[in-house]
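Input: a single structure, listed below in structure tokens.
The values are calculated or read from the model by the stated rules, or taken from the named source; none is laboratory data. Predicted, not measured: the structure shown is a model, and the values here were computed from it. Please note: Cβ atoms are built from the backbone with ideal geometry, for glycine as well, and neighbour counts cover all protein chains shown. When the accessible area is computed, the model is the full protein with side chains, heavy atoms only, and any ligands, DNA or RNA have been set aside. Shrake-Rupley method; radii C 1.70, N 1.55, O 1.52, S 1.80 Å.
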Amino acid sequence: DTTGGSLMARTIDRQRRESELRLRLAIRAAHIGIWDWNLETGEINYSPRAREIYGFAPDQPITHELISAMMHPADLARNLATTSRAIDPATQDKTAFYEYRIRLPGTGEIRWVLAHGEAMFAEVEGKRTAVRFIGTIQDVTDRKNSEAALARSELRQRLAIDAARMAIWDYDFATDTIRGSPELNRIYGLDAAARPTA
């Protein structure tokens with residue numbers, strides 16, 4: 001029945017378009033860029049958002065060498081090892097996760113990015129081979145800066161408390177327990193491992 005087949009084809013097409021729309025909306029809302037590396041030709045395609053994150057011009061050719069050159073030297077070896085595991089047919093690591101720094105062209109500004117990737121494999125001349133490596137990229141500089149600022153603040157607070165030999169504690173009303181710093185036990189003359197109650 002061609003009517004039934006036509007209806008099924010239209011339903012599948014509509015579901016595909018709806019799925020693609022949901023994906024586009026999620027990517028846009030999360031400010032995520034997409035990258036696609038054709039391992040057979042070496043061609044790398046970046047979405048407009050991915051190009052924006054890296055500071056690439058809309059028509060600038062992108063190569064693996066260019067991307068590697070922009071990575072912070074301290075992050076490069078780890079990223080290359082992660083990529084190798086992802087595209088190696090023996091491991092086919094599907095958890096390729098990268099968090100690394102890049103230096104933007106022109107300004108030299110350091111940015112933190114978070115990338116995920118997964119390789120696609122096919123039989124090439126009778127051998128299982130990675131043919132594409134596709135993934136996402138997101139600018140996480142603000143989060144990393146916030147984490148660093150919080151760590152610095154906590155360190156300053158800890159140093160000040162230690163220097164003043166002050167105790168810090170909090171009381172949990174639900175369990176009638178006190179959680180305190182080691183200095184609290186010292187001030188009260190308790191054993192260092194003691195868990196004082198109210």
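Considering only 95, 129, 177, the Gaussian network model of the chain with Cα springs below 10 Å gives its largest mean-square fluctuation to 177. A simple spin-label model places pseudo-atoms 7 Å from Cα toward Cβ; at residue 88 and residue 60 they are separated by 3.2 nm. Quick one: pull the percent of accessible area on the chain belonging to carbon and sulfur, 1.4 Å probe, ligands and nucleic acids left out. Reported share for carbon and sulfur atoms: 57 percent.
Computed over the alpha-carbon atoms, the range 119-198 gives an Rg to Rh ratio of 1.44, Rh here being the Kirkwood radius from the mean inverse distance.
Here the simple spin-label model places points 7 Å from the Cα toward Cβ, and for residue 6 and residue 167 these points are separated by 8.4 nm.
Given +1 on the Cβ of Lys and Arg, -1 on the Cβ of Asp and Glu, and no further charges, what dipole in debye does the chain carry about its Cα centre, rounded to the nearest 20?
Computed about the Cα centre, the dipole is about 300 debye.
In this structure, residue 110 and residue 38 have a Cβ-Cβ separation that, at R0 = 22 Å, corresponds to a calculated FRET efficiency of about 0.15.
Restriction of the trypsin sites (Lys or Arg not before Pro) in the range 126-198 to DSSP coil positions whose beta-carbon has at most 14 other beta-carbons within 10 angstrom yields 165. First obtain the Kirkwood hydrodynamic radius of the range 58-198 from its Cα pairs, then insert it into the Stokes-Einstein equation at 37 °C and 0.692 mPa s, and state the resulting D in µm² per second as a whole number. After rounding, the answer is 165 µm²/s. The relative contact order of the chain, computed from alpha carbon pairs under 8 Å that lie at least 6 residues apart in sequence, is 15 percent. Accessible surface calculations at 1.4 Å, restricted to protein heavy atoms, place the chain at 68 Å² per residue.
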